[in-house]
Amino acid sequence: MKLTILGCYAATPRTITNPTSQVLEIKNRMFLIDCGEGTQVQLRKHKIKFSKINHIFISHLHGDHCYGLIGLVSTFMLLNRTNDLHIYGPKGIKEIITLQLRLSNSWTSYGLYFHELESKESEVVFEDEKVIVKTIPLKHRIYTNGFLFIEKIGDRKLNIDAVQEYEIDQVYYQKIKNGKNITLEDGREIENSLLTFDPEKPKSYAFCSDTIYDETIIDHIKEVNVLYHESTFLESESEKAGITMHSTAKEAAQVALKANVGQLILGHYSTRYDSIALFKEEAEVIFPDILLADDGINFEF
C-alpha cells in the first residue's frame with residue numbers, strides 16, 4: 001500500500017504548498033482522493049500516469065478539495081483518454097462538472113460516470129475482487145464524507161517445499177492458492193493447510209478530510225492500519241476550529257488513540273503556522289505513531 005501526498009494544506013494554494021489531493025495505490029489499484037487546485041500539475045511532477053486513474057473520490061464541494069477536477073477531466077480528454085472515469089462525490093458534483101463541460105463545448109470522448117452521494121450513513125461506494133471502499137460520514141459545514149479503503153483477503157501463500165515434496169504439478173498451484181485440497185494420483189487427499197501459508201493480513205486506509213472532532217467516526221475506522229486525519233489548527237486555536245468545523249492536531253490524536261489505529265498521518269494544515277513540526281509535537285503527546293503529510297511525500301505501508 002502506497003500513499004502519495006500531492007497536497008495537504010488548507011484553503012488557498014501557495015507557490016510552496018498545494019490544497020488537498022492524494023493518490024492511494026492498493027492491491028494494484030490507483031485511487032485519487034480529493035482534487036484541489038493544481039492536482040494535475042502535481043500528478044505530472046511526481047510522474048503518476050494519468051491513465052492509471054480510473055476512480056476519483058471527492059470528500060466535499062469546498063474549492064480546496066475539488067477545484068482541480070474540471071481541469072483534470074478536460075486534460076484527460078486532450079490526452080485522448082479511452083478508459084472510463086468514475087467520480088464519487090456529494091450530490092451536485094455532476095452538475096458542477098457537466099455545466100462547465102457544456103458551456104465550454106468540451107464533452108469528453110471517454111465514459112464519464114458520476115456516483116453522487118447523499119447518505120448520512122456509511123455505505124459501500126466501490127467494490128471489486130480486491131478492494132472495497134466505504135464512506136465515513138463526517139461533520140463539516142457542508143455535506144462531507146471520508147473514505148475507508150480495505151483490502152480483501154488475498155490468495156493463500158504457496159508452501160513450495162510441501163508442494164514439491166508431494167510432487168504436485170504446477171497446473172494445480174492456483175487451485176491450491178484458492179484454498180482447495182488436492183487429491184494425488186494414489187488417491188490420497190492432501191489438506192490445503194499442509195500446502196499453504198495464511199495470506200497476508202489485509203491492509204486498510206482511512207481518509208478523514210475536513211471535520212470537527214467527532215467520536216462517532218471511531219466505529220468506522222477502528223483498528224485501521226493508517227488514518228489520515230485533518231489537523232487544521234493547533235490547540236491554541238481550538239475555538240476557531242470549533243467555529244469553522246475543523247479539528248486540532250490534539251483532537252486528531254485523540255481520535256487515533258480511541259480508534260486504536262496503527263499510524264496517524266496529520267494534514268490539512270492552516271498556513272498560519274511557521275512549521276508543521278508543531279502539529280506533530282502537539283499530537284504525539286497523546287498518540288505516539290505520528291507521520292506528517294507534506295506535498296510530494298510518499299508513504300509505503
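Read-outs throughout are calculated quantities, based only on the coordinates presented, and are distinct from any laboratory measurement. Source: prediction; values computed, not measured. Neighbour counts are summed over all protein chains in view; Cβ atoms, including those assigned to glycine, are modelled from backbone coordinates with ideal geometry.
Points to keep in mind about this one:
- All distinct Cα pairs of the range 92-190 go into the 1/r average, and the inverse of that average, the Kirkwood radius, is 18.6 Å.
- Given charges at Cβ of Lys, Arg, Asp, Glu: the chain dipole, positive-most of LEU158, HIS140, TYR88: TYR88
- Shape index of the chain: Rg/Rh, with Rg the Cα radius of gyration and Rh the Kirkwood radius from the inverse mean 1/r over Cα pairs, equals 1.06.
- Size of charge dipole - the chain - debye, nearest 20, with Cβ of Lys, Arg +1 and Asp, Glu -1, no other charges: 1060
- The aspartates and glutamates within cross-link reach of LYS250, meaning a Cα-to-Cα straight distance under 16 Å and a gap of 8 or more places when in the same chain, are ASP210, ASP214, GLU215, GLU230, GLU235, GLU237, GLU239, GLU281, GLU282, GLU284, ASP289.
- Rounded to the nearest 20 debye, the dipole magnitude of the range 185-301 is 320 debye, with +1 charges on Lys and Arg beta carbons, -1 on Asp and Glu beta carbons, and the Cα centre as origin.
- FRET efficiency estimate (nearest 0.05) - Cβ-Cβ, LYS201 to ASN181, R0 25 angstrom: 0.60
- Measuring between their Cα centroids, the range 255-295 and the range 43-72 lie 24 Å from each other.
- Pairs of Lys residues in the range 107-200, spaced 8 or more positions apart or belonging to different chains, with C-alpha separations under 17 angstrom: 10 in total.
- The sum of -39500 (n - 2.57) across all DSSP H runs of n ≥ 4, divided by the residue count of the chain, sets its helix-only mean residue ellipticity at 222 nm to -6000 deg cm²/dmol.
- The alpha carbons of the range 238-297 stretch over 28, 28, 17 Å along the principal axes, in descending order.
- Using equal-weight Cα scatterers in the Debye expression, the normalised intensity of the range 20-98 in log10 at q = 0.18, 0.21 Å⁻¹ is -0.68, -0.96.
- If only the Cβ of Lys and Arg carry +1 and only the Cβ of Asp and Glu carry -1, the dipole of the range 1-93 around its Cα centre is close to 360 debye.
- Remark: the range 195-301 projects, on average over all directions, an area of 7.7 nm² (convex hull of Cα atoms).
- The chain: antiparallel DSSP beta bridges as a percent of all, rounded to 5: 55
- In the range 1-137, the alpha-carbon atoms span a convex hull of 114 Å³ per residue.
- Only alpha carbons enter this Debye calculation for the range 120-253, each as an equal point scatterer, and the log10 of I(q)/I(0) it gives at q = 0.12, 0.19, 0.21 Å⁻¹ is -0.62, -0.99, -1.11.
- The lysines whose alpha-carbon is closer than 21 Å to the alpha-carbon of LYS47, local same-chain residues fewer than 8 away aside, are LYS2, LYS27.
- Gyration tensor (Cα) of the range 92-148, equivalent ellipsoid semi-axes in angstrom: 26, 18, 7
- Rg and Dmax of the range 141-203, Cα atoms only, in Å: 18.0, 69
- Take the Cα of ASN260, step 7 Å toward its Cβ, do the same at GLU284, and the gap between the two points is 2.5 nm.
- R0 of 51 Å, Cβ-Cβ distance LEU79-ARG272: FRET efficiency to nearest 0.05: 0.85
- 0 to 90° range, to nearest 10: angle between helix 249-259 axis and the chain longest Cα axis: 30
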